[in-house]
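Shown next, in structure tokens, is the structure this report addresses.
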Amino acid sequence: MNAEDRQGEPAEHARFAAWLADLEQVADADEFELVGRVLADPDQVMARAAVVRHLDRRAAELCPGTAWEEWAAAMDRAVTAHPFLTRRLREWSLFRAVTLRLPWDADELLASSDWLQLKAAAGPAPEALGVLADRGRTKRIRTTARAGLTRRGGG
């Protein structure tokens, strides 16, 4: 990590910025080792925040591609001791299934976080839009899904 101690900035803020920079530049072969080092940081809240940002960025990049399965399995091993990160990765897998029209379970989508429900409600999959328009957890999720159905001519 190449954190610089900036004048007056709390140390964890400098480490967070440095971890993010390192994660953005890491080679694929070193990614999971670096994630492990970040998660070993004494400030666990900061460490998990850095890793979730990285996970979201990489998942969005890899989601539609063929590299997803191998990456997701390795990332799952890297974050296994961190329930929030494990859940986020699982939700990215569900989002991938919904958007690529792979098999997925409506009950699993309805049990997912507001983050995933809103992301899916803003997406293109009519099956998910229908489920979330009727039974999404929040009014915002239901409204977003209904708007998506209307745009598609399905509502």
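Annotations for the structure displayed:
- Choice from 14, 72, 47 showing the highest fluctuation, given a GNM over the chain with Cα pairs closer than 10 Å: 14
- Within the shell defined by Cβ-Cβ distances under 14 Å, the residues around residue 142 carry a net charge of +3, with Lys and Arg each +1 and Asp and Glu each -1.
- Rounded to whole numbers, the Karplus 3J(HN,Hα) couplings from phi for region 134-148 are 8, 10, x, 5, 10, 4, 4, 5, 4, 5, 4, 5, 4, 4, x Hz, using 6.51 cos²θ - 1.76 cosθ + 1.60 with θ = phi - 60°, and x at Gly and Pro.
- Rounded to whole numbers, the Karplus 3J(HN,Hα) couplings from phi for region 116-132 are 5, 4, 5, 4, 5, 5, 8, x, x, 7, x, 5, 5, 4, x, 4, 6 Hz, using 6.51 cos²θ - 1.76 cosθ + 1.60 with θ = phi - 60°, and x at Gly and Pro.
- Structure-derived Cα Rg over 2.2 N^0.38 Å: which label, when the choices are [x] 1.01; [y] 1.19; [z] 1.07: [y]
- Build a GNM of the chain with springs between Cα atoms under 10 Å apart, and of 114, 56, 28 the one that fluctuates most is 28.
- Ranked list, fewest to most other Cβ atoms within 10 Å of each Cβ, for 46, 75: 46, 75
Here, each number is a calculation from the coordinates, and none is a lab measurement. Just so it is clear, the structure is predicted and the values come from calculations on it, not from any experiment. All Cβ positions, glycine included, derive from the backbone under ideal geometry; neighbour counts span all protein chains shown.
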